[in-house]
Structures are given as structure tokens and as C-alpha cells.
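So the structure is just underneath, and the comments pick up after that.
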Amino acid sequence: MVKLAEWRGKEIFRKYGVALPKGTVVRAPSEVADALRTAGVALPCVVKAQVLAGGRGKGGAVRFAATVAEAEEATKAILALEFKGEKVHEVLLEEKLAIGRELYVSLTLDRSRRLPLAMASAQGGVEIESVDESAITRVWVDPFPGLVGYEKRRLVAAFGLTGALARSAETLLGQLWRIFDEEDAELVEINPLAVVGDRVVALDAKVIIEDDASFRHPEYSDVRDDRTPLEEIAREKEIAFVQLDGNIGVIANGAGLTMATLDVLAEFGGRPGVFLDLGGTDDPKKVTEAFLLMAQAKPAAVFLNIFGGVTRCDTVAKGLVEAMTQVPPESKFPLVARIRGNNEAEGRAILQAAGVTSLTDLKESVQAVISAAGGRA
Ligand code: GDP
Ligand code: MN
């Protein structure tokens, strides 16, 4: 899921002609004065944290500033925030517009109907989940003609706009559809869409690009979600690898077994720190890569929980023993293995010969790895 920060979403909006406040992005308070001048952003301005989480308005991550000094101060305060667990690295400075009304509009994919869905409401600026159903108009869009005239007019009617404002909103809906379609978005949301004078202006932008279409959009390839450096490496190697905040590493195969293993660990008081899903592979090269990645995460102990179905336990075990010899001594960690299924006896023998604790009972294995990691959390 390529979730774009507000300023990136707005860059796309600008390309398609959507009306926006003038704005500029800074990464330090010292950049504020120059950035405002260069971009021609008039005061007072709005100072907004560029995080992926929503609810910034209520959470103190959107501020107003009447002077350059205030904008610097607000930038400094926002850069020091950790908003819903996200560190703030970028701040968007925008001219503060005199808002008439706040509206809501979005285009998304309704997976159950297998159609794009347009939603409009006259009640914008608040979470759409909190808006009464009766105040939301939904239009399912046939993707081939795209959003057509009468559909746009139904959505505009939901905004309660007439005259020049209605025409401005219709134009916006056309632009929004093109963005959704041409950028392969799975969500394009404007909340609030503000009435400013005789036109509607996008004050916020939430754009998510469909992952499966990312090959068509190399321009987003440098957009990193909130992956850690190791997760980034894993992604390039196509290894399913996720870092959590505990100290025990989990290597399993298949998403189901991997998730279940994390649950059982937690159930017995262990704290998973990183997990790695080998999927269907028993390719020793792939196993080695995965194992070395795990070592770099520096877990206190690792629980290897493998079910040999298509993959055979003995090949996985061989791959592991091979991988272990490549782990540098300073990165070595205690390993508890539980491998069940095809050729499990052979697999276990290979592991035991290499000095790996190899158990069959799940509860025993989990307890062994928790104590190897230094006991209960
Ligand atoms: P969110 O809370 O994370 O969705 O952040 P938004 O971008 O939606 O901003 C939150 C609120 O700040 C909006 O609902 C507006 O009320 C307010 N806001 C943002 N930009 C402006 C602006 O240019 N002028 C005024 N008056 N208010 C703004
Ligand atoms: Mn918003």
C-alpha cells in the first residue's frame, strides 16, 4: 500500500488542476522564512505535520501562525511531535484561507460490489465515520465511462451547492475521477473540501496508490511508508519480514502459522520482536538470506516454527544449518526449532547434530525460547 503524505497527494492534485492553497514543505524551522517567501505563501498560514495518520486537526498537529516567527515556532513544535507513533520529519506550510463551509468527498474501491465508489457529504472536516449515514451520498461508478454528468450532479447536490460553486464542484469531481483512474489509486479523499469564495478548494489530501499498480508508477518508488531499514532490505529481497517491539525472533512458514506462532508466544508471556515468513520456500539460498536478516535484527532468541508440507523438513534444516555457519559470531543467537511434517525425523536429526534445540511440542518450544531470551517479559 503506497500511502502518500498530504503534500505528495496535493502535488498530484495540482497536476490535474485541483484548486489548492499555496504551500511549501520544510524540514527545519530555519527553512521557514525562505520557504514562505519563495513559494509566495501569505500570512497568516497553516502549519501541518506530514504524517500518514489522520486526526491531526484534533491532535495538535495542525496549527495556525500569524507571523514568520510564529510559523517557525509552530514548525519547531510540530517537528518535535511523535504523532500516533509516527515521528514528524516534514511540515507543510500553507496560506490560511477564509473557509465558508467544509465538505467531504472521496473515491474509493468498493470491493464487495467490485466498483469504484464516490462519496459526498455536506458535513466535512470531521471523520466520515462519525457522519450520519443519511448525510452521505454514495454513487457507484461504472469504470468505463467513468464518473458521468448526472452522477456528478447528484454528488454536488449532496454538497448543497448551486450556481458557480456547483460548477466548481463538478469540475473538481471530474479531476478527482481522473486522478483515481489514471494514478491507479485505491483511495482519493478530500476532507475538508472547503468553500472559499466562489470555488471549492482542497484543504487536505489523502491518496493511496494501489500496490499492484506500482510498476506503472515508478515516480512513487522512492516513497517509503514507515518501513525500518531492515524491512526495506527484506522488501527488496522479497522476504516477508516485520519488526515489532519485543525481543524474540520468529521464523515460520505461511502467514497463518506465522501469526499463530506470534499469538502463542504472546500467550505465554513472550514478546515477539521480529517475524519472518519463509512462505513456501526451502531454497537454501533464500533461507540463508532470511536467516542473516534475522541476525541483523539482533533478537535475544529465535523460535523457528516450520511445518513441512510441500517444503520438506530436512531441506529446510539443511538450509538452516548452512545459514547458521554464515552468521558472524557477534550476531549469534539461541535458536529453538520445532519442525513438523514431511521428513521431520530427518530434519530434527540434522538440527540436533548441529547443536540446535529441536522440540516437537509447541508449548515446550515456546517456553524454551522465552527462557532462552531471558524469561518472561
Ligand atoms: P486532519 O485532521 O489530519 O484530517 O487534517 P486536515 O488537513 O483536515 O486539517 C484539520 C483542520 O484544519 C481542517 O478541518 C480545517 O478546519 C483546518 N484547516 C486546514 N487548513 C485550513 C485553512 O487554510 N484555513 C482554515 N481556516 N482552516 C484550515
Ligand atoms: Mn482532513
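Since every read-out is calculated from the coordinates, none of them should be taken as a lab result. Here the structure is a predicted model, which means the values were calculated and not measured. Here the Cβ positions follow ideal geometry from the backbone for every residue, glycine too, while neighbour counts run over all protein chains shown.
Some notes on this structure:
- Formal net charge of residues neighbouring Tyr104 (Cβ-Cβ distance under 14 Å; K, R +1; D, E -1): -4
- Taking label points 7 Å from Cα along the Cα-to-Cβ direction, Glu182 and Lys87 give a separation of 3.7 nm.
- Mean separation of Cα contacts under 8 Å (6+ apart) over length of region 177-244, as relative contact order %: 22 percent
- Per residue, the convex hull volume that the Cα atoms of region 1-56 enclose (Å³): 111 Å³
- Normalised contact order of the chain, rounded percent, pairs of Cα under 8 Å and 6 or more residues apart: 12 percent
- Hydrodynamic radius by Kirkwood, which averages 1/r over all alpha carbon pairs of the chain, in angstrom: 23.9 Å
- Leu117 versus Glu219: modelled label distance in nm, points set 7 Å from Cα along the beta carbon direction: 2.8 nm
- From the C-alpha gyration tensor of region 102-220, square roots of 5λ in Å: 23, 15, 15
- Protection-proxy order for peptides 329-341, 197-209, each taking the mean of Cβ atoms within 10 Å per residue, highest first: 197-209, 329-341
- The helix-based estimate of mean residue ellipticity at 222 nm for the chain, built from -39,500 (n - 2.57) per DSSP H run of four or more residues and divided by its residue count, is -10500 deg cm²/dmol to the nearest 500.
- Among the listed pairs Lys10/Lys96; Lys15/Lys237; Lys48/Lys152; Lys58/Lys96; Lys48/Lys84, a Cα-Cα separation exceeding 22 Å is found for Lys15/Lys237; Lys48/Lys152.
- Cα-derived Rg to Rh of region 264-370, Kirkwood definition: 0.93
- All-pairs Cα distance distribution in region 22-95, expressed in whole percent, bin size 5 Å: 3, 20, 33, 25, 13, 6, 0
- Highest-fluctuation residue, Leu173, Leu155, Leu81 considered, GNM on the chain with Cα pairs under 10 Å: Leu81
- DSSP assigns beta bridges within the chain; of those with both partners inside it, close to 70 percent run antiparallel.
- Measuring r between the beta carbons of Glu133 and Lys76 and using R0 = 41 Å, the FRET efficiency lands at 0.45.
- For Ala71, the shell of other residues with beta-carbons less than 13 Å away shows a net charge of -2, using +1 for Lys and Arg and -1 for Asp and Glu.
- Candidates Glu31, Glu102, Glu232: whichever shows maximal mean-square fluctuation once the chain is modelled as a Gaussian network with Cα springs under 10 Å: Glu31
- On the beta carbon distance between Glu210 and Gln352, with R0 = 41 Å, the FRET formula returns roughly 0.30.
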